[in-house]
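The values are calculated or read from the model by the stated rules, or taken from the named source; none is laboratory data. Remember, it's a predicted structure, so these values are computed and weren't measured experimentally. Backbone-built Cβ (ideal geometry, glycine too); neighbour counts: all protein chains shown. Only protein heavy atoms, including side chains, enter the accessible area calculation; ligands, DNA and RNA are left aside. Shrake-Rupley method; radii C 1.70, N 1.55, O 1.52, S 1.80 Å.
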Amino acid sequence: MARIKFATAAVAAAALISETTAFSSSATERYASALTASSATQNDDTMQQQAIEDHEEHPSTTTSAPSTPLSVPPTSNFFENDFGAQPPLGFFDPLGILEGANASKFNRLRYVEIKHGRISMLAVVGYLVTQAGIRLPGDISGIPYDAIPGGFSALDILPNGHIGTVVFLIGLLDTCIMVDVTGGDFVGDFRNGYIDFGWDSFDEATKLKKRAIELNNGRAAQMGILALMVHDGMGAPLIPETF
């Protein structure tokens, strides 16, 4: 009974987290204004950084000072107003990871955050679908799919060779599918000129809203899948029987 209450509280907490990630239209407009300012500042900082690197690689042969003084390297100020810095926390970096970071480091961290969020969203859906008893027809190595439990218990049923296949598939997706090959319009743009789903038909405010929703849902999913894995390891039901 205690485990069921604990699982119920966790599901309620996950629902609360999901609710707090929803965006109102007024908030979206504020994020659009912040992103426009952030993008302009980031572009300026990137150009300044490139100018500094070009100057260091090809210094002037004369001893006279350049006609236009070089700017100092960009600081972390430009991403403190990025669309990812959202209410109620705003810019949240308690470990100081971004202190003194440049645009390249920030974009790398944002890329990893988006990818982990997408994987976590898929993982949460997979956990809940299998826990609800939904299975594909057929079998694997003579084992019916509907006889394979969800969560960690499936590892005790599947032959070792099939576990290796799962790991290989994950690696294939990470290195060949979920990558930016052609250079997308923004960090995390994996369309690669192949899949669009009407993205280019949206205006800038709608694009920003959708990117912000994905980012927040990904953040919630990362916490959600961790909670599901902990409950699964404890043997607590992921979906309480009272629901």
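Examine the stretch 179-197 for a residue that is part of a helix (DSSP H, G or I) and either aromatic (Phe, Trp, Tyr) or surrounded by 12 or more Cβ atoms within 10 Å (Cβ to Cβ) (or both), and state whether such a residue exists. I'd like the intermediate steps shown before the answer.
Narrowing the stretch 179-197 to residues part of a helix (DSSP H, G or I): none.
Taking every residue of the stretch 179-197 in turn, none turns out to be part of a helix (DSSP H, G or I) and either aromatic (Phe, Trp, Tyr) or surrounded by 12 or more Cβ atoms within 10 Å (Cβ to Cβ) (or both).
If you go through the stretch 207-219 one residue at a time, do you hit one that is in a loop (DSSP other than H, G, I, E, B) and open to solvent by less than 50 Å² (accessible area, probe 1.4 Å)? Walk me through how you get there before you give the answer.
The initial filter retains those residues of the stretch 207-219 that are in a loop (DSSP other than H, G, I, E, B), namely none.
Among the residues of the stretch 207-219, not one is in a loop (DSSP other than H, G, I, E, B) and open to solvent by less than 50 Å² (accessible area, probe 1.4 Å), which makes the answer no.
Yes or no, residue by residue, for (1) within 23 Å of HIS116 (Cα to Cα); (2) of a type outside the set (Gly, Ala, Ser):
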| site | (1), (2) |
| --- | --- |
| GLY142 | no, no |
| ALA147 | no, no |
| GLY150 | yes, no |
| ILE157 | no, yes |
| GLY161 | no, no |
| ASP174 | yes, yes |
| GLY184 | yes, no |
| ARG191 | yes, yes |
| ASP196 | yes, yes |
